[in-house]
Every structure is written in C-alpha cells, then in structure tokens.
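Below is one structure, written out as structure tokens; the observations come after it.
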Amino acid sequence: MNIQENYSLKDYNTFGVDVSAKYFGEVTSLEELTNILRNPSVQNSQLLFLGGGSNILFTQDFDGVVLQLNLKGISEKIENDNEVVVTSKAGENWHEFVKFCLDRNYGGLENLSLIPGNVGTSPMQNIGAYGTEIKDTFLSCKVLNLETLDVEEFDHQKCQFGYRESIFKREGKGKYVILEVSFKLTRKEHSMKTEYGAIKSELEKLGIISPTIQDISTAVINIRQSKLPDPKVIGNAGSFFKNPSISQQQFLQLQKNYPEMPNFPNGNLVKVPAGWLIEQCGWKGKQIGNVGSHPLQALVIVNVTGEATGKEIYDFSTMIIASVKEKFGIELEREVNII
Ligand code: EPU
C-alpha cells in the first residue's frame with residue numbers, strides 16, 4: 001500500500017474542509033488492511049477509518065493514520081421465490097449500490113436513494129430517509145475486530161440499531177471496521193413505503209398511480225434534489241443535528257406558545273423536527289463568514305464559499321445549539337462525527 005505523508009483530506013470529506021492527515025493510505029483488500037494494522041508504527045498511532053466522508057467534520061489536522069476503505073464488490077444469493085440477500089463490500093458508493101438493487105428489481109432500499117456515503121458506514125448511524133432506515137432490510141455485517149484482527153459477524157440484534165444509532169457509535173466505537181454489509185431484499189412482493197407525505201405528492205406530480213420501486217426511487221431523488229444541496233456542488237454533510245425527542249410534558253408546555261410546532265409521536269416521547277426549531281430561531285439561509293444554514297433546509301449546514309474551516313463550521317453549529325436551547329429549552333445533538 002502506498003502511504004502518503006501530510007496528505008490533504010479536502011476531497012475525502014463532503015464538507016470539503018481542507019485539513020491534512022499525517023499519513024494516508026487507501027485500502028483495497030482485507031489482507032492489505034490486516035497487514036498495515038500489524039505494522040508497529042501504525043499500532044502506536046491514532047487511527048481513523050474513512051468511508052465516503054459524508055458524515056464527518058474535521059476541525060483540525062489529523063495527527064495519525066487515515067485509512068480510506070476502498071473494498072469493492074457486490075454479490076447476491078437468491079434465497080427463495082421472493083427473497084434475495086445482497087452483500088456489498090464497504091467501499092461501494094451507497095447510491096450505486098441502491099441502483100444495482102433497483103436494476104435487478106430488488107426492493108427495500110428505494111427510499112434510501114441518493115444518500116451520500118459508502119455502504120460500509122451505512123450501519124454506523126443506521127442511515128434513514130423517507131420512512132425507511134437500513135435496519136428494516138439489514139441482515140448482517142462482517143467486521144474486523146481491531147484488537148484481535150479477527151473477522152466477526154454482527155447480526156441485526158448485535159448491531160443495536162436506533163434512530164441514527166448503532167453499537168458502532170457507542171460501545172463498539174473505534175473497535176471494529178465494517179468490511180461488508182448484507183441486506184435481505186424482496187424480489188416480487190415489495191412492501192412499498194409511500195406514506196411519507198412528500199413521496200405521495202411527488203408521485204402524484206409525476207402522474208403515477210401504481211408506483212414501482214423504481215418510481216419511488218425517482219420520487220425520492222426528485223425530493224432530495226429539490227431541497228438538499230449536492231455535496232459535489234456545495235460542501236455539507238446532510239442533516240447536521242438529530243431530530244430531538246422531548247417529553248410529553250415539555251411538548252405540551254411549548255405547544256401553548258407554538259401551536260404550529262410540527263411533532264411526531266416517538267414512544268412515550270415526542271419528536272420535533274430540528275429543522276423547524278432552527279428555522280424559528282432565524283437561522284435558515286443565514287450566513288456567517290464562510291458558513292451558512294441551507295436556505296431550503298435549515299438542518300443542513302453548508303460550506304457556502306468552499307473555504308470554510310472545520311472550526312468555523314463547528315462554531316456555527318454551537319451558535320445554533322445555543323439559540324435553540326435559549327428559545328425552546330431543547331438541547332440539539334450533533335449527528336455528524338466531529339474529529
Ligand atoms: N422543517 C422546517 N424548516 C426547515 C426544515 C424542516 O420547518 O428548514 C420542518 C418541516 O415542518 C418538515 C419537517 O421539519 O415537515 C421535517 O423536515 P424533512 O422532511 O426535511 O425531514 P427532517 O426531519 O428535517 C430527516 C432526516 C433526513 C432525511 C429526511 C427525510 C434526520 C436528522 N434527518 O430530516 O436525513 O433525508 O428526514 O426522511 O433525521 C441526513 O441524515 O443527513 C438526512 C438528510
């Protein structure tokens with residue numbers, strides 16, 4: 001493997017932040033990965049594994065070894081008349097993987113079309129959009145245990161998925177590298193999720209009455225393109241914060257002052273869209289220096305000029321947290337990984 005020194009990570013994070021890694025290498029096989037991890041100088045360094053870099057904010061140069069996981073390949077195994085297991089290596093681009101499945105009419109991932117990033121990082125934060133999360137079709141994943149360098153299999157239960165959560169963001173943080181992910185998808189009896197408001201109206205706009213999974217994908221792509229900025233054009237990492245859940249009591253109290261506050265039941269709690277809270281605080285479309293809140297979706301922080309530093313973006317997010325806390329008494333939690 002070719003290890004580069006003082007390597008710019010600007011093209012490896014969708015915020016387009018220009019930081020550098022002390023050492024950087026692209027890993028294309030498991031053998032290459034285990035070999036480099038056995039190297040004593042690597043073992044003594046700080047390590048960071050990068051996928052598509054679509055959920056990360058670098059606030060400083062990385063004084064260690066960054067390994068970009070470029071393991072490629074997709075395989076499929078027909079289970080029965082209606083089910084297929086599709087397995088993708090970690091380095092495949094997520095949307096290309098979704099397209100692979102749609103081309104074969106395999107259903108289950110269509111609502112997750114056009115999410116930036118790679119397959120290998122999808123279980124980490126249980127990526128989700130438009131009424132679907134990967135936990136709905138996830139079967140298992142293979143991981144490398146960084147302590148033993150053994151390959152282990154994690155089934156659904158072991159991953160402990162939650163809203164934008166999994167074991168890989170909690171107890172398992174820094175302990176495993178996801179090598180490949182398997183999904184159980186449908187071949188015929190697709191259970192289509194069109195109930196998410198925007199999908200229904202987009203399908204209506206397209207004049208589609210009995211949608212196929214490919215139609216749903218088209219609708220999702222149209223919706224995303226209409227309000228989410230393309231990271232290739234303007235740096236961003238999608239939603240910067242999680243949607244907070246608050247107690248019924250706090251919600252009823254707030255509703256007195258804000259009767260129009262959107263809300264969704266979430267067990268005993270009430271989920272309130274962070275985008276709405278941020279917009280109410282006057283941040284939507286606002287720019288400070290090189291950083292802004294997206295004019296069409298306040299939850300997305302953007303590198304407006306392309307020149308923003310990670311620190312500027314982080315400070316901007318801190319100001320948003322403070323104003324939401326002050327106005328609503330709700331503490332927003334960052335969804336993006338801060339390095
Ligand atoms: N809203 C506003 N102002 C805004 C943005 C949103 O008032 O500027 C309110 C609207 O009332 C809207 C509600 O928030 O009805 C929900 O907005 P939206 O449908 O855009 O979804 P979201 O809750 O803001 C979540 C995910 C997105 C995902 C969409 C669609 C999180 C943190 N984000 O956003 O995921 O694409 O739903 O399913 O759960 C991501 O994780 O990077 C991401 C983009």
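Read-outs: derived from the displayed coordinates by stated rules, not from any lab. Remember, predicted model here, so these are calculated numbers, not experimental data. Methodologically, a virtual Cβ is constructed for each residue, glycine included, from the backbone with ideal geometry; neighbour enumeration extends over all protein chains shown.
Kindly provide the helix-only [θ] at 222 nm of the chain, computed as the sum of -39,500 (n - 2.57) over DSSP H runs of four or more divided by all residues, to the nearest 500 deg cm²/dmol? About -7500 deg cm²/dmol.
With a cap of 11 neighbouring Cβ atoms within 10 Å, and only residues DSSP puts in a loop, list the trypsin sites (Lys or Arg not before Pro) found in region 188-286. Numbers along the way, then the final one.
Details: sites: 188, 193, 200, 205, 224, 227, 232, 242, 256, 271, 284, 286; in loops: 188, 193, 232, 242, 284, 286.
Sites meeting the loop and neighbour criteria: 188, 232.
Which loop trypsin sites (Lys or Arg not before Pro) in region 3-89, with loop taken from DSSP, have no more than 14 other Cβ atoms within 10 angstrom of their Cβ? Answer by residue number: 72. Charges were assigned to the Cβ only: +1 to each Lys and Arg, -1 to each Asp and Glu. The resulting dipole of region 235-338 about its Cα centre is roughly 200 debye.
Can you check what the net charge comes to around residue 23, using other residues whose Cβ is under 15 Å from the Cβ of residue 23 (Lys, Arg +1; Asp, Glu -1)?
Numbers: positive: 22; negative: 5, 26, 32, 61, 63.
Charge balance near residue 23 sits at -4.
Extension gain for residue 195-residue 221 works out to 7.7 nm (0.36 nm per residue, less the C-alpha to C-alpha distance).
Mean sequence separation of contacting Cα pairs (under 8 Å, at least six apart), scaled by the length of the chain, corresponds to a relative contact order of 16 percent.
Percent relative contact order of region 4-69, based on C-alpha pairs within less than 8 angstrom and at least six residues apart? Mind dumping the intermediate values first?
Numbers: 115 pairs, mean separation 28.1, N = 66.
Across region 4-69, relative contact order equals 43 percent.
Once the other residues with Cβ under 12 Å from the Cβ of residue 1 are scored (Lys, Arg +1; Asp, Glu -1), what is the net sum?
On the way: positive: none; negative: 26, 31, 32.
Here the charged neighbours net out to -3.
Other residues lying with their Cβ under 13 Å from the Cβ of residue 169 contribute a combined charge of +2, Lys and Arg counting +1, Asp and Glu -1.
Where nothing but the Cβ of Lys and Arg (+1) and of Asp and Glu (-1) is charged, how large is the charge dipole of the chain around its Cα centre, in debye to the nearest 20?
Details: 34 positive and 41 negative charges, 152 e Å.
Charge dipole, the chain, about its Cα centre: 720 debye, nearest 20.
Dividing the mean sequence gap of close Cα pairs (under 8 Å, 6+ apart) by how many residues region 1-115 holds gives a relative contact order of 22 percent.
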